[in-house]
Amino acid sequence: MCKECTRTFTEYTGTWLAGLHKKELVNDYLDLMHQQKSLDKIKSALNINKKTAFNWRHKILSSFQEVEKQDFNGIIESDETFFLQSDKGNRHLKHKGRKRGGTSSKRGVSDDQVAVIVTTDRKGTLDLSVAAMGRIEKKDIQNAIGSRISKGSILCTDGYVSYKGFAKDGNLTQIVLRADLKQHVKQGIYHIQNVNSLHNRIKKWIDSTFWGVSTKYLQNYMNWFRLEQTFRKSICAEQDMIDRSIEDRLALSRYRKINDRYQMLIATQN
């Protein structure tokens with residue numbers, strides 16, 4: 001009990017373990033999750049309700065949000081990729097559902113697509129931020145990575161105007177690569193090939209492992225992918241990821257605000 005406010009707390013307060021029943025199953029659950037087993041397989045293996053398996057997954061993924069978020073420096077690559085808006089799992093749709101996959105009914109980039117800003121530097125620091133519905137704006141880039149770019153860094157992007165405005169406001173040196181002009185590499189070192197490769201790997205991972213995910217939970221899956229990449233060379237990757245996540249005392253609060261963040265995202269539709 002806190003002597004000042006008289007509120008009680010435990011070692012788990014605020015973490016994804018707070019209030020969790022059947023804690024004796026946590027280690028087995030984490031092992032199955034690390035193997036990227038489906039919720040149905042986890043449910044059967046542990047004899048728990050599928051809703052419980054789902055909730056545990058997203059409590060854990062919510063705790064990954066701020067883990068290992070380091071500053072970017074040196075040569076930085078940034079570009080956005082898009083996912084078609086999905087209401088997967090929603091049984092109360094206000095519109096006609098569509099089959100898994102599918103394409104947008106609108107040409108080009110439209111507000112039924114979710115923009116994810118992917119940023120990396122040459123030392124492997126990575127950020128994946130679900131930013132907006134449709135085209136991103138300068139403020140979306142600022143919110144995603146603006147406070148994490150070290151002075152003197154060089155930003156490599158495509159020619160999209162929002163990146164130009166972001167670089168100008170931050171007094172950043174910007175190298176623009178325009179694929180339409182066959183500008184893929186400049187001076188032998190400046191390119192956005194690493195980030196474009198990440199786009200392909202992320203989409204393949206989402207589509208082949210989960211058969212697509214709901215837009216509401218997309219940021220959590222981006223957190224998962226980022227940490228898998230961060231710890232992929234670790235001898236004990238699973239344990240490293242969990243040890244870091246348990247330190248997050250805002251995880252439970254972040255989990256409870258998933259729907260609020262989703263509503264804010266949807267509000268960016270024009």
Q. What number goes with the only condition from (1) at pLDDT below 85; (2) more than 16 Å from the chain's Cα centre (by Cα) that Ser208 does not pass?
A. (1)
Q.
Can you confirm whether Met222 is among the hydrophobic types (A, V, I, L, M, F, W, C), at pLDDT below 95 and surrounded by 20 or more Cβ atoms within 10 Å (Cβ to Cβ)?
A. no
Q: Take region 156-186 and flag every residue that is surrounded by fewer than 16 Cβ atoms within 10 Å (Cβ to Cβ) and small (Gly, Ala, Ser).
A: Gly159, Gly165, Ala179
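Listed here are the residues, each with its yes/no results for (1) assigned by TED's automatic domain parsing to the domain that holds Thr15; (2) over 17 Å from the mean Cα position of the chain (by Cα); (3) more than 25 Å from Lys123 (Cβ to Cβ).
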| site | (1), (2), (3) |
| --- | --- |
| Val213 | no, no, yes |
| Tyr221 | no, no, no |
| Trp224 | no, no, no |
| Asp240 | yes, yes, no |
| Ile246 | yes, yes, yes |
| Arg249 | yes, yes, yes |
| Tyr255 | yes, no, yes |
Q. Which numbered condition trips up Gln269, out of (1) outside the structural domain of Gly134 (by TED's automatic domain parsing); (2) part of a helix (DSSP H, G or I); (3) more than 23 Å from Leu20 (Cα to Cα); (4) touching a residue at least 24 places away in the same chain (Cβ under 8 Å)?
A. (2)
Q | Candidate set: region 52-94, residues that are among the basic types (Lys, Arg) and in contact (Cβ under 8 Å) with a residue 24 or more places away in the chain; chosen: the one surrounded by the most Cβ atoms within 10 Å (Cβ to Cβ) | A | Lys59
(Q) Looking at Ser153 and the list (1) of a type in the set (Gly, Ala, Ser); (2) under 24 Å from the mean Cα position of the chain (by Cα); (3) exposed (fewer than 12 other Cβ atoms within 10 Å of the Cβ); (4) over 29 Å from Val213 (Cα atoms), which single condition is not satisfied? (A) (3)
(Q) I'd like to verify a number: residues in region 225-254 that are assigned to a helix (DSSP H, G or I), out of contact with any helix residue (DSSP H, G or I) (no Cβ under 7 Å at 6 or more places or on another chain) and surrounded by fewer than 19 Cβ atoms within 10 Å (Cβ to Cβ), how many? (A) 9
Q. In the list Lys59, Lys37, which residue meets the criterion of being assigned by TED's automatic domain parsing to the domain that holds Ser245 and either at positive phi or not in a loop (DSSP other than H, G, I, E, B) (or both)?
A. Lys59
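The values are calculated or read from the model by the stated rules, or taken from the named source; none is laboratory data. Treat the numbers as computed from the prediction; the structure is a model and nothing was measured. As a convention, Cβ positions derive from the backbone with ideal geometry for all residues, glycine included, and neighbour counts pool all protein chains shown.
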